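The values are calculated or read from the model by the stated rules, or taken from the named source; none is laboratory data. Keep in mind that this is a model prediction, so the values were computed, not measured. Heads up, the Cβs are rebuilt from the backbone with ideal geometry, glycines too, and the neighbour counts pull from every protein chain shown.
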Amino acid sequence: MKRRKFDAAALPAKSARAVDDRFQVATPLRKLLNKVFPDHWSFLLGEIALFSFIVLLLTGVFLTFFFEPTMTEVIYNGSYAPLRGTPMSAAYASSLDISFDVRGGLIMRQMHHWAALLFMAAIVVHMLRVFFTGAFRKPRETNWIIGSLLFWVGFLAGFTGYSLPDDGLSGTGLRIASAIILSIPVIGSWVSSSIFGGEFPGTIIISRFFIAHVLLVPGLLVALISVHLGLVFKQKHTQWPGPGRTNSNVVGERMFPRYALKQGGFFMVVFGVIALMGGLFQINPIWLFGPYEAWVVSAASQPDWYVMFLDGSTRLMPGWEIHIPIGNGYVIPPLFWPTVVLPGILVGLSTMYPFLEARRLKDYKHHNLLQRPRDVPARTAVGAMALAFYIVLTLSGANDVIADKFHISLNAMTWAGRIGLLILPPIAYYITYRICLGLQQHDREVLAHGVETGIIKRLPDGRFVEVHQPLTSAEGHDGHPPALDYVGWVVPKKMNRLGALGPAIRGFFYPIEKPAEAPVSPGHPPVEDRPEREEIGSGESRR
Amino acid sequence: MSTHTEHQAQRGPEPLDVNDPRLSRFEVVQEGARRDDIEIVHYEPQVVPGSKAERRLTRTVALMFLLTGVFATAFLVVYIWWPWQWEPGRGGDKLYTPLLGVTLGLALLGIGFGILTWGKKLLPKEVSIQDRHDQVDDPEGRKITGETMLYLADEMGVRRRPLLGISLLAGLAPVGAVAAAPLIGGLIEQPHKNNQMFTTGFQPGEGGKKIRLIREDGRPIRPADVSVGGQLTVFPGIDGGVSNKHADSPTLLIHLREDDAQKSRAANERKGHGDYMWGNYVAYSKICTHAGCPASLYEQQTNRLLCPCHQSQFLITDNAKPIFGPANRPLPQLPIEVDEEGFFVAKSDYTETIGPDFWERP
């Protein structure tokens, strides 16, 4: 055969063939490209967490190039004049250098911090979505457990990172952490001195936290996230019920190209928003806090938001100490309950929830269709109860700031938190339960009688009635349309959901096409005679 | 519904010959999807090729990508030429980070929304249905795998030769411990070395030398240095006394008013701490007995000391007893006096344990 010249157009096909000859990837790749994903805005919440994590890895690697994780004492001599000449740890000095003497270091630091806050927030919101829609049910209990663990590992990542700059705030946080460890019965002082390498603060904790923060914890996060995503992939995503959707199919878009493009675009948007936040909104201005000194603290010393619920529980706990009169006497400090026992209970309850619910309902079937919160009032109400509990704790974590800004007595805030923690969750349960039932009831009414049209009709005997537009044109047994079945999916409740409004006029500043005749509410709508939907809103024009 | 769907309905279930040259590319794609149990039931272009709408959307997407280029370039310009080093005052350097954020953020948002518009508006809308296959569809396969594993166990013969299993376990257990030993052994620290949890920097030095109270700058303190109603954070006058090496030593020296001092003295006496005050001066540990934060907000009028971390409140005139919040133990009191040179010294170390509680605190 004659040797041809290099043909650039044939190159992709040729190299694809070469790859497939060696690795036989064509069929698996087709399966991947074709995989169908259901779509709904609420499925994107977990993605925000994933994308923030990627931003965390990128900015975090940058920060490690400049951060010096040691507690060696140095005299600061950088650009930030107010702190020049101050003795401080090398960790704090290098954090200041990242902020002031590394070009673009401050935005990296701030993006890292914002991404961390967003990561935790997205995890929490995603978890709420999964909980309230019942997405955790069989076969997805494992992924629910991994998700809950991700929250706590993320918490650990956040705390270790927060401690690294060794500024006034982070040192205070570490002090409290050491006190929490000390409060563990029997082994507390041993664990604390082993972690801190002696008495608090010692000289090694920053180095240890550094390796935990940049290697151990992120490694664990990467592993858990991989398994989490792998399981979503293997078990296929849940979907909302709807036309054509069953428990044994997935209705949506193939992964490529549309779904993947949307994901890629969304990642860029999340990245962009983090960049805007990192540039525009100051966060953790460590140069204002000064180096950590055990005798300095200021009011409104708050941790990052995801730690605040533990801070709140600590503040609300009354000073109840348990004294054990054996030998010299032993104590279980009050700090132990809100900071060690409470998180333990929360981990246990949240991870076990899928099994508890399945056991209570004796429901061991596979569920791939989501439930609307209103259709499972008990679960939704339990979730609202947990949320109320969490919100009271989180607000109590800032109760001194609230007391200060709103001129409320601090002690009153603490008591409000203590009482609120006990009575608000049951109230939230009851109210949510009733709201769920009410929403269900309304759906059923619309299914039975139709949508309220807002059109009032006077009957020959003088009564006024509102005209309802039935959702079906089928004839029932007594002349009325038959009631539709309740299927746990959205019921249209407004006439424009039925297409009763004229089409929207397109264009941003000015109409880009000739506007359709705007429908006007007619005086005598022929609703009863002609129940076809397009006749409803658009009678004769007055024009 | 698109026309493609109708084609498919006529086609029937037998697999297509994908090498048939009459097939369109989409039909091959559809056949591939079918082999993955996917039915593309709805495939509808959102814009007509060549239409005005298509050209407009294309322009919009292109504009977003170009804006990305503009902002990315702006980022580089700012990054290189904007004054970035910190200066006192409100100079242009304060805008460096915000400008980087705005340019980078808008550049990324440009790509993001460009891609999103492309994907959402220009690509055809589709509805595909894929089978889940999440039920056990091959009970036989399950049976075979189960039997294979059991056969494996049979072959190993652990049940017939129990010694193997027992000896293996007995041998492996210490190996597991070997993995843990260096970690635990290396990290573990005796918490009560030098009695460190019960002593502070105020412990008298060699020969019972009493430790002076000093300020943050290292100067010793005379009674006249603290005015009535005033307070001062003091430290042990030893090497490293004013540092985190002695994180449990910071102490609050308070000059009480006369009537408060009387109350305080009476309370001291009730507790058997009759000689802890010197004149109208008291000294209490600044380290909160709750979680170890410095309890540093002193309210002069009520003589309460508030810890800003968790709002424990201590009444100074009553042995610093906790009167509100999560703390359960009074702040320890430092017995003080004035030495022959007229400076404050600690008579002895604290007689109670400093800082947060722990299990073996007596």
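Yes/no per residue for (1) at the interface with chain A (Cβ under 9 Å from one of its Cβ atoms); (2) buried (at least 18 other Cβ atoms within 10 Å of the Cβ); (3) part of a helix (DSSP H, G or I):
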site: B:61; (1), (2), (3): no, yes, yes
site: B:94; (1), (2), (3): no, no, yes
site: B:99; (1), (2), (3): yes, yes, yes
site: B:104; (1), (2), (3): yes, yes, yes
site: B:110; (1), (2), (3): yes, yes, yes
site: B:115; (1), (2), (3): yes, yes, yes
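Suppose the filter is within 12 Å of chain A (Cβ to nearest Cβ), in a loop (DSSP other than H, G, I, E, B) and surrounded by fewer than 15 Cβ atoms within 10 Å (Cβ to Cβ); does residue B:88 pass it?
In short, yes.
Where residues in the stretch A:107-147 are over 22 Å from residue A:61 (Cα atoms) and charged (D, E, K, R), which of them is surrounded by the most Cβ atoms within 10 Å (Cβ to Cβ)?
Here the answer is A:137.
Among A:306, A:330, which is the only one that is in contact with a Phe, Trp or Tyr (Cβ under 8 Å, 6 or more places away or on another chain), at the interface with another protein chain (Cβ under 7 Å from one of its Cβ atoms) and of a type in the set (Ser, Thr, Tyr)?
A:330
Quickly run through the stretch B:301-326 and pick out the residues that are more than 9 Å from chain A (Cβ to nearest Cβ), part of a loop (DSSP other than H, G, I, E, B) and touching a Pro at 6+ places or on another chain (Cβ under 9 Å).
The answer is B:319, B:320.
In the stretch A:97-113, how many are in a helix (DSSP H, G or I), at the interface with chain B (Cβ under 10 Å from one of its Cβ atoms) and not polar (S, T, N, Q)?
Within the stretch A:97-113, residues that are in a helix (DSSP H, G or I), at the interface with chain B (Cβ under 10 Å from one of its Cβ atoms) and not polar (S, T, N, Q) number 7.
Scan the stretch A:302-327 residue by residue and report those that are within 18 Å of residue B:356 (Cα to Cα) and either without any contact (Cβ under 8 Å) to a residue 12 or more places away in the chain or in contact with a His (Cβ under 7 Å, 6 or more places away or on another chain) (or both).
Residues satisfying the conditions are A:314, A:315, A:322, A:323, A:324.
Quick one: residue A:226 ticks every box in (1) more than 7 Å from chain B (Cβ to nearest Cβ); (2) over 20 Å from the mean Cα position of the chain (by Cα) bar one, so which box is it?
Only one criterion in (1) more than 7 Å from chain B (Cβ to nearest Cβ); (2) over 20 Å from the mean Cα position of the chain (by Cα) is unmet by residue A:226, namely (2).
A quick yes/no check of all residues on (1) in the same structural domain as residue B:280 (by TED's automatic domain parsing); (2) touching a Cys at 6+ places or on another chain (Cβ under 6 Å); (3) part of a loop (DSSP other than H, G, I, E, B):
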| residue | (1), (2), (3) |
| --- | --- |
| B:190 | no, no, yes |
| B:210 | yes, no, yes |
| B:216 | yes, no, yes |
| B:224 | yes, no, no |
| B:229 | yes, no, yes |
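Checking the structure you have, find out if any residue of the stretch B:329-347 is under 29 Å from residue B:209 (Cα atoms), of a type in the set (Gly, Ala, Ser), more than 11 Å from every other protein chain (Cβ to nearest Cβ) and not in a loop (DSSP other than H, G, I, E, B).
yes
When you go through B:201, B:185, B:119 one by one, which is the residue that is within 30 Å of residue B:64 (Cβ to Cβ) and within 14 Å of chain A (Cβ to nearest Cβ)?
Exactly one residue qualifies, and that residue is B:119.
Kindly list, by first and then second residue, each pair from a residue in the stretch B:235-249 that is in contact (Cβ under 8 Å) with a residue 40 or more places away in the chain and among the aliphatic types (A, V, I, L, M) to a residue that is assigned to a loop (DSSP other than H, G, I, E, B) and surrounded by fewer than 23 Cβ atoms within 10 Å (Cβ to Cβ), limited to pairs with Cβ atoms under 7 Å and residues at least 6 apart or on different chains.
Between residues of the stretch B:235-249 that are in contact (Cβ under 8 Å) with a residue 40 or more places away in the chain and among the aliphatic types (A, V, I, L, M) and residues that are assigned to a loop (DSSP other than H, G, I, E, B) and surrounded by fewer than 23 Cβ atoms within 10 Å (Cβ to Cβ), the close pairs are B:247/A:201.
Counting just the residues of the stretch B:349-362 that are of a type outside the set (Phe, Trp, Tyr) and more than 18 Å from residue B:286 (Cβ to Cβ), which one comes out nearest to the other protein chains (Cβ to nearest Cβ)?
B:362
Among the residues in the stretch B:165-182, are any of a type outside the set (A, V, I, L, M, F, W, C), within 14 Å of another protein chain (Cβ to nearest Cβ) and assigned to a loop (DSSP other than H, G, I, E, B)?
Taking every residue of the stretch B:165-182 in turn, none turns out to be of a type outside the set (A, V, I, L, M, F, W, C), within 14 Å of another protein chain (Cβ to nearest Cβ) and assigned to a loop (DSSP other than H, G, I, E, B).
Looking at (1) more than 30 Å from residue B:72 (Cα to Cα); (2) facing chain B (nearest Cβ under 7 Å), which one does residue A:275 not meet, given that it meets all the others?
Residue A:275 satisfies all of (1) more than 30 Å from residue B:72 (Cα to Cα); (2) facing chain B (nearest Cβ under 7 Å) except (1).
Only residues that are assigned to a helix (DSSP H, G or I), under 30 Å from residue A:471 (Cα atoms) and among the polar types (S, T, N, Q): list them for the stretch A:401-460, please.
A:432, A:440, A:441
Which of the numbered conditions does residue B:176 fail, given that it passes all the others? Conditions: (1) surrounded by fewer than 11 Cβ atoms within 10 Å (Cβ to Cβ); (2) within 21 Å of residue B:342 (Cα to Cα).
So residue B:176 meets the others, but not (2).
Please find, within the stretch B:290-300, the residue that is surrounded by the fewest Cβ atoms within 10 Å (Cβ to Cβ) out of those that are touching a Gly at 6+ places or on another chain (Cβ under 8 Å) and within 9 Å of chain A (Cβ to nearest Cβ).
It comes out as B:292.
Can you tell which of B:239, B:217 is exposed (fewer than 14 other Cβ atoms within 10 Å of the Cβ), over 30 Å from residue B:359 (Cα atoms) and in contact with a helix residue (DSSP H, G or I) (Cβ under 9 Å, 6 or more places away or on another chain)?
The conditions single out B:239.
Here is a check on your reading of the model: is residue A:260 free of Cβ contacts under 8 Å to residues at least 60 places away in the same chain, at the interface with chain B (Cβ under 9 Å from one of its Cβ atoms) and surrounded by fewer than 18 Cβ atoms within 10 Å (Cβ to Cβ)?
For residue A:260, the condition - free of Cβ contacts under 8 Å to residues at least 60 places away in the same chain, at the interface with chain B (Cβ under 9 Å from one of its Cβ atoms) and surrounded by fewer than 18 Cβ atoms within 10 Å (Cβ to Cβ) - is met.
Within the stretch A:16-68, restricting attention to residues that are outside any helix (DSSP H, G or I) and closer than 30 Å to residue A:91 by Cα, which residue is nearest to the other protein chains (Cβ to nearest Cβ)?
Top of the filtered list is A:66.
Every residue, every condition in (1) buried (at least 21 other Cβ atoms within 10 Å of the Cβ); (2) within 30 Å of residue A:323 (Cβ to Cβ), yes or no:
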site: A:178; (1), (2): yes, yes
site: A:182; (1), (2): yes, yes
site: A:196; (1), (2): yes, yes
site: A:213; (1), (2): yes, no
site: A:219; (1), (2): no, no
site: A:226; (1), (2): no, no
site: A:231; (1), (2): no, no
site: A:250; (1), (2): yes, no
site: A:266; (1), (2): no, no
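Quick check: anything in the stretch A:462-485 acidic (Asp, Glu), in a loop (DSSP other than H, G, I, E, B), touching a helix residue (DSSP H, G or I) at 6+ places or on another chain (Cβ under 9 Å) and more than 30 Å from residue B:311 (Cβ to Cβ)?
Yes, the stretch A:462-485 has at least one match.
Which condition number does residue B:47 fail, the rest of (1) within 14 Å of chain A (Cβ to nearest Cβ); (2) within 20 Å of residue A:33 (Cβ to Cβ); (3) part of a loop (DSSP other than H, G, I, E, B) being met?
Unmet condition: (2).
Of all residues in the stretch A:287-301, which are at the interface with chain B (Cβ under 9 Å from one of its Cβ atoms), out of contact with any helix residue (DSSP H, G or I) (no Cβ under 7 Å at 6 or more places or on another chain) and at pLDDT 90 or above?
Residue satisfying the conditions is A:295 alone.
Might you let me know whether the stretch B:265-278 holds any residue that is in a strand (DSSP E or B) and within 23 Å of residue A:297 (Cα to Cα)?
no
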